[in-house]
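Read the structure below first, then the notes.
The values are calculated or read from the model by the stated rules, or taken from the named source; none is laboratory data. Remember, it's a predicted structure, so these values are computed and weren't measured experimentally. Positions of Cβ are backbone-derived with ideal geometry, glycine not excepted, and every protein chain shown enters the neighbour counts. Heavy atoms of the whole protein, side chains included, go into the accessibility calculation; ligands, DNA and RNA do not. Shrake-Rupley method; radii C 1.70, N 1.55, O 1.52, S 1.80 Å.
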Amino acid sequence: MADVFKEKFPTVQPEAVEKERAKPLRAPLIIAVGVDAPTESKVIESENICAAAAACENILLAATALGLASRWRTGDAARDPAIKKFLGFTPDQLLIAFLYIGYPEVQIEPRQRIGLKTVLHG
C-alpha cells in the first residue's frame, strides 16, 4: 500500500508514506473480501455484492460476540489494480472490504438500553 501510494504521489513527504505503510498494521488480522463476477446468466452482480457484504457483516458481528474489535474499510487501496493483484484478486473482481480484526485497546462498557415500551409510549 505504501509503495502504491508513493507511486501515485511521488513528491509526498516520508511521514505520509510511513502513515500509509502503518495502515495494514492497525490490527493483527485483515480479511480482504472480493466479489466474483457472475458466471451464470440468471445471477446478477448486485446479488453477489449483497451476499459478500452480508458475509462481511456476519464476520464483524461474530468478532464482536467474541470480544474482538473490528472495522470495515475500503478506500483507494480497494480499487487499485496493483494491490488487488498483490492480494490475488483479478482485475475485474470488486474488492469490497478490508476487515480489520483484533483485540480492543480499551474495553467499552455496554450501555443501558431502554425498553421498546419506553420508546413507543414515551
Pick from 70, 41, 46: which is assigned to a strand (DSSP E or B) and among the hydroxyl-bearing types (Ser, Thr, Tyr)? 70
So if I check each of 76, 92, 80, which one is open to solvent by less than 40 Å² (accessible area, probe 1.4 Å) and among the acidic types (Asp, Glu)? 80
Flag if residue 86 is under 30 Å from residue 3 (Cα atoms), open to solvent by less than 60 Å² (accessible area, probe 1.4 Å) and among the aromatic types (Phe, Trp, Tyr): no
Quick count over region 1-31, residues being under 18 Å from the mean Cα position of the chain (by Cα) and not basic (Lys, Arg), is 11
Pick from region 25-48 the residues that are surrounded by 14 or more Cβ atoms within 10 Å (Cβ to Cβ) and free of Cβ contacts under 8 Å to residues at least 60 places away in the same chain: which of them is nearest to residue 91 (Cα to Cα)? 36
Is it true that residue 66 is surrounded by fewer than 13 Cβ atoms within 10 Å (Cβ to Cβ), of a type in the set (A, V, I, L, M) and in contact (Cβ under 8 Å) with a residue 60 or more places away in the chain? no
In region 17-38, which residue that is outside any helix (DSSP H, G or I) and of a type in the set (Gly, Ala, Ser) is farthest from residue 102 (Cα to Cα)? 37
